[in-house]
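Every read-out reported here was derived from the displayed coordinates using simple, explicitly stated rules and does not represent laboratory data. Worth saying up front: this structure is predicted, and the values here are computed from it rather than measured. When we count neighbours, we look across all protein chains shown, and the Cβ atoms used for this are built from the backbone with ideal geometry, even at glycine.
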């Protein structure tokens, strides 16, 4: 690779690094430059809508910017949400409170500021959770539905740029978490786990992504990983993409009546 192209790539990647941030959970900045979650064996939204009824009291924990919650079209007076990430807290206050949704700031999954037995349906997509706290908040026969990111998520991508980085959250898999819910008193209605491709067609998009998912790519920067990024660029030049693996699992759990 010639010096001029290397210099241009560095400039491009550093620009992506500088602007890497999200409002809510919006990845539209890299739309068309990467793909993931296109072929999961379940559809989280359809599962939720299969159980959701207009008269249910609904909680969405770690709602991000409320994007998914609002897409459900649930009556606002029966809808509650929490978020703990400060930029998203501000966004939710601006977006959800004027609608009459009961939004509360919360960063502790073990101390959620609602009364016992408040909800018929408790949603959590890619957020933290405590099965005992979930049990406390649900009414008898209430449901907890979660899709989670597993501990093997993006590990092959991480190894491409940070090969010595240890795996975080090693207990995040279906076997261990299903047992936690059962021990908390839940009946498991559905439990699935999947490993699927994640594809990048542009290294600038990869740089942006790695900065957003900082808990997986801890210590990543263009400067420290530049030579490895050049190697990835050569793979894209040759193959048109780089490929990694996402890890997801799904649990639908019922608090017995």
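Between the Cα long axis of helix 222-239 and the first principal axis of the chain there is an angle of about 80°, rounded to the nearest 10. Of the options [x] 19.8; [y] 20.4; [z] 18.6, only one is Kirkwood radius over Cα pairs in Å as computed from these coordinates, and that is [x]. Taking the Cα centroid of segment 1-51 and of segment 184-229, what is the distance between the two, rounded to the nearest whole Å? If we compute the Cα centre of each part, the gap is 10 Å.
Residue-normalised convex hull volume from the C-alpha trace of segment 186-237: 113 Å³ per residue.
The angle between the Cα long axis of helix 174-183 and the main principal axis of the chain comes to about 20°, on a 0 to 90 degree scale. What shape does segment 62-186 have by the C-alpha gyration tensor, where a ≥ b ≥ c are the square roots of the eigenvalues, rounded means a/c under 1.5, and otherwise prolate means a/b greater than b/c and oblate the rest? Because a/c hits 1.5 or more and a/b fails to exceed b/c, segment 62-186 counts as oblate. Note on the chain: with a GNM built from Cα contacts shorter than 10 Å, the maximum mean-square fluctuation among 242, 213, 112 falls on 213.
Here the contact order of segment 48-94, divided by its residue count and restricted to Cα pairs under 8 Å and six or more residues apart, works out to 43 percent. Sorting 233-240, 127-134, 78-85, 220-227 by their mean Cβ neighbour count within 10 Å, with the most densely packed peptide first, gives 78-85, 127-134, 220-227, 233-240.
Rounded to 0.05, the FRET efficiency of the residue 107 and residue 8 pair, given R0 = 30 Å and the Cβ-Cβ distance, is 0.15. In plain terms, the chain from residue 236 to residue 224 could stretch by 2.3 nm, reckoned as 0.36 nm per residue minus the Cα-Cα distance. For the chain, averaging the sequence separation of C-alpha pairs within contact (under 8 Å, six or more residues apart) and dividing by the residue count gives a relative contact order of 24 percent.
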